[in-house]
Amino acid sequence: MREKRWPGAARTWGRLMLLLLLTAAALLAPVPRLTPTAMTAPPAAPDPPVPAVGRAWPVGSHPPILRGWEPPKTPYGPGHRGVDLSAPAGTPVRAVAAGRVSFAGRVAGKGVVSVELTDTGDPPLRVTYEPVRATVKEGDEVEAGEPVGTVEPTGSHCTTTCVHWGLRKGDTYLDPLSLLPPWLLRRGPSRLLPVLGVPLP
């Protein structure tokens, strides 16, 4: 007696075996480890370059820096979005570079002056000084080193009177010290000191 063949059943059986093998392989595969890098957001885009267009410190010739720039890790995270420069009340506050005053007024009880810097792209770089009693008004053109106000005796977040100097490009905060060229960042010119105790040739 001839045995009956079921070609469809063999095909179905083969597909079922393949499905079982793939399922077993997936279930037995090691679980990928989540590293700290895998669990965090992708790295942020690098900050836009800042041209060293500064030609003057906001106060003094090289004021003590009470607190430096500490960029936040996220847009609303903790940090210090500027630089605090020590300055007594009444000290003239100067524009670090040429630009146009975009704001001069009071914000939350503090005097604030903002200047959009000339030829720094679209949107332009914008510096802010506070707490400052403005001597300029919105729309004024200023040159580097030109006074824009004076340090107010109150309103500072420092333990002593200071000027908070900020820098932004659009919504991105940047280090305002990056505006200053190396010759302005140095404390003073190099000097040759006498060499003592060495016989002359």
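Averaged over residues, the count of other Cβ atoms within 10 Å places the peptides 101-108, 157-164 in the sequence 157-164, 101-108, highest first. Pairs of alpha carbons in segment 128-175 separated by more than 12 Å make up 69% of all such pairs.
Applying a DSSP loop filter and a limit of 13 other Cβ atoms within 10 Å to the GluC sites (Glu not before Pro) in segment 50-144 leaves E138, E143. Listed by chain and number, the aspartates and glutamates placed with their C-alpha closer than 15 angstrom to that of K169 are D47, E116, D119, D122; residues fewer than eight positions away on the same chain are left out. Taking all protein chains as they are arranged and a probe of 1.4 Å, the heavy atoms of K169 leave approximately 40 Å² accessible to solvent. Between L16 and E116, the simple label model (points 7 Å from Cα in the Cβ direction) yields a spacing of 7.4 nm.
Packing-based ranking of 124-135, 56-67 yields 124-135, 56-67, ordered from highest to lowest mean Cβ neighbour count within 10 Å. Estimated at the nearest 10 Å², the accessible area of W183 is 140 Å² with a 1.4 Å probe.
The values are calculated or read from the model by the stated rules, or taken from the named source; none is laboratory data. Being a predicted model, the structure only gives us computed values, none of them experimental. Glycine gets a Cβ as well: all are built from the backbone with ideal geometry, and neighbour counts include every protein chain shown. Note: areas computed on protein heavy atoms with side chains; ligands, DNA, RNA excluded. Shrake-Rupley method; radii C 1.70, N 1.55, O 1.52, S 1.80 Å.
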